[in-house]
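The block underneath contains the structure these notes are about, expressed in structure tokens.
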Amino acid sequence: MTTGVGGHGVLAVLDGSADGPTVAYRADMDAVDAQTNVLPFPRSDRVFDEGFASRVPGVAHLCGHDMHTAIGIGVARTLAQSPEPVRGRLVFVFQPAEEPLQGARAMLDTGLVQRLAPREFYALHCTPFPTGTIAVSPGYGLPGLDHFRIVLPGGDEAAAAAIAAEVAKLGTVGFPRSVAEYHAAFQAVLDPEAAASMREFVCVAQWTEHTAEGQPIPNVLLRIWPPQRHPELRAQVEQLAAAAGGHVEFAGDPFPAMVNSAELTTAAGRYLGAELGPQSVLWARASWPFNCEDFALFLNQAPGAQFCLGVADAEAGMNGAPHTPDFAADERAIGHGVRAMTGLLIDRLAAR
């Protein structure tokens, strides 16, 4: 085990008793800024985690990464203590700083992950599907992200508002405005007809910063699927800015989309369906539009997939919806995640 990888990251290696491939499993660990990184939904007075609530003001595990870490440790412990021989090598990647999309890059910059040369990479994430289910999305995943500023020389608030209105028209999907809409959007990716309308999308988020002189500078985040559309959208934004007498300053290259391997995700879905029961596996036919994931960078190193673990318990009032102020997860999902991922990793180590 190696600690301090890319900051607070941890790499743990479990060598099997027979030759075989190397397969990696990633679990993110960081919490959420509960002031700025939470959807603006009404908050109730219900509390489900009094025994282990955050002790840091303004910070909480509202995205379920503590559950991801618990599952990763559970999988590692189960396999390490298993009396059955395990082929090959398993690499457990416990990653910090997923929320700011910095942790995966920091760990990869050390070169340690690349030296272990995993053949495949897997992860899971909490979602508002019912506890006891797990969703797979062959060929889909999460969008790429493009951040830019629009500079309008001599521009005033009215000019900034006007260009922001034009940029907003690029959007094809809006953020959910309630937990009910959030859940409905997740259900839509499971419905073949609804998913067909989500095969391409642009999700726009905007805010305005001001220079020391008080000049407004519109900032834009575009979440885009499929990733091949980034050049097209950049060109459209540049045309809008030029028409207003300004220019665009891109923060850098677009952050890559997280694209699940169609082949490996399908194989995983079939395995999980056979082992857990077909009713336990949900098949997503489109990408979720509202979040990005730096697991994308690990998938650029080796093909694989991120799965959507159901953690919601509607009867108990646990919405399972990450980044909502009332996010709560059914802890029974931990055991389900450990069983699912342990079995899948053993299966992948045995695959030729």
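The values are calculated or read from the model by the stated rules, or taken from the named source; none is laboratory data. The shown structure was predicted, so the numbers you read here are calculated from the model rather than taken from an experiment. All Cβ positions, even for glycine, are placed from backbone atoms using ideal geometry, and neighbour counts span all protein chains on display.
Looking at the range 268-282 only, could you name the residues that are surrounded by 19 or more Cβ atoms within 10 Å (Cβ to Cβ) and without any contact (Cβ under 8 Å) to a residue 60 or more places away in the chain? Passing the criteria: none in range.
Assess whether Thr131 counts as being surrounded by fewer than 24 Cβ atoms within 10 Å (Cβ to Cβ), touching a residue at least 12 places away in the same chain (Cβ under 8 Å) and closer than 30 Å to Gly4 by Cβ. Before the answer, list the steps.
On the way: surrounded by fewer than 24 Cβ atoms within 10 Å (Cβ to Cβ): yes; touching a residue at least 12 places away in the same chain (Cβ under 8 Å): yes; closer than 30 Å to Gly4 by Cβ: no.
Against the criterion (surrounded by fewer than 24 Cβ atoms within 10 Å (Cβ to Cβ), touching a residue at least 12 places away in the same chain (Cβ under 8 Å) and closer than 30 Å to Gly4 by Cβ), Thr131 does not qualify.
Every condition in (1) modelled with pLDDT under 95; (2) crowded, with 17+ Cβ neighbours inside 10 Å is met by Arg55 except one, and the failing one is (2).
Going by what's in this entry, would Pro192 be described as outside the structural domain of Ala302 (by TED's automatic domain parsing), more than 17 Å from the chain's Cα centre (by Cα) and within 30 Å of Asp347 (Cβ to Cβ)?
Details: outside the structural domain of Ala302 (by TED's automatic domain parsing): yes; more than 17 Å from the chain's Cα centre (by Cα): yes; within 30 Å of Asp347 (Cβ to Cβ): yes.
For Pro192, the condition - outside the structural domain of Ala302 (by TED's automatic domain parsing), more than 17 Å from the chain's Cα centre (by Cα) and within 30 Å of Asp347 (Cβ to Cβ) - is met.
For every residue, the table says whether it meets (1) closer than 30 Å to Ser17 by Cβ; (2) in contact (Cβ under 8 Å) with a residue 24 or more places away in the chain; (3) in the same structural domain as Phe307 (by TED's automatic domain parsing); (4) exposed (fewer than 14 other Cβ atoms within 10 Å of the Cβ).
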position: Asp28; (1), (2), (3), (4): yes, yes, yes, no
position: Val32; (1), (2), (3), (4): no, yes, yes, no
position: Leu62; (1), (2), (3), (4): no, yes, yes, no
position: Ala70; (1), (2), (3), (4): yes, yes, yes, no
position: Arg77; (1), (2), (3), (4): yes, no, yes, yes
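Taken together, the criteria place Val5 among residues that are touching a helix residue (DSSP H, G or I) at 6+ places or on another chain (Cβ under 6 Å) and surrounded by 11 or more Cβ atoms within 10 Å (Cβ to Cβ).
Only residues that are surrounded by fewer than 17 Cβ atoms within 10 Å (Cβ to Cβ), out of contact with any Phe, Trp or Tyr (no Cβ under 7 Å at 6 or more places or on another chain) and closer than 15 Å to Val167 by Cα were counted in the range 246-263, giving 1.
Which members of the range 165-175 meet the condition of being at pLDDT 95 or above and in a loop (DSSP other than H, G, I, E, B)?
Residues of the range 165-175 at pLDDT 95 or above: 165-173.
Lys169, Leu170, Gly171, Thr172, Val173, listed by residue number.
Just one residue in the set Ala60, Ala70, Ala76, Ala80 is at pLDDT 90 or above and within 22 Å of Phe175 (Cα to Cα); that residue is Ala60.
Looking across the range 140-161 at every residue that is crowded, with 16+ Cβ neighbours inside 10 Å and under 20 Å from the mean Cα position of the chain (by Cα), the one that is farthest from Ala333 (Cα to Cα) is identified as Asp146. Restricting the first residue to the range 201-220 and requiring it to be touching a residue at least 60 places away in the same chain (Cβ under 8 Å) and in a loop (DSSP other than H, G, I, E, B), which pairs with a second residue that is surrounded by fewer than 17 Cβ atoms within 10 Å (Cβ to Cβ) and not β-branched (Val, Ile, Thr) meet a Cβ separation below 9 Å and a spacing of at least six or different chains? Within 9 Å, the pairs are Gln215/Pro153; Gln215/Gly154; Gln215/Asp156.
Please enumerate the residues belonging to the range 277-305 that are part of a helix (DSSP H, G or I) and closer than 20 Å to Glu120 by Cβ.
Phe295, Ala296, Leu297, Phe298, Leu299
Residues to consider are Leu276, Leu299, Leu272; find the one that is modelled with pLDDT of 95 or more and within 19 Å of the chain's Cα centre (by Cα).
Matching residue, one of Leu276, Leu299, Leu272: Leu299.
Residues in the range 283-300 that are within 26 Å of Leu90 (Cβ to Cβ), surrounded by fewer than 24 Cβ atoms within 10 Å (Cβ to Cβ) and either in contact with a Leu (Cβ under 7 Å, 6 or more places away or on another chain) or hydroxyl-bearing (Ser, Thr, Tyr) (or both): Leu297 alone.
Per this entry, Asp146 is not counted among residues that are farther than 24 Å from Gly252 by Cα and acidic (Asp, Glu).
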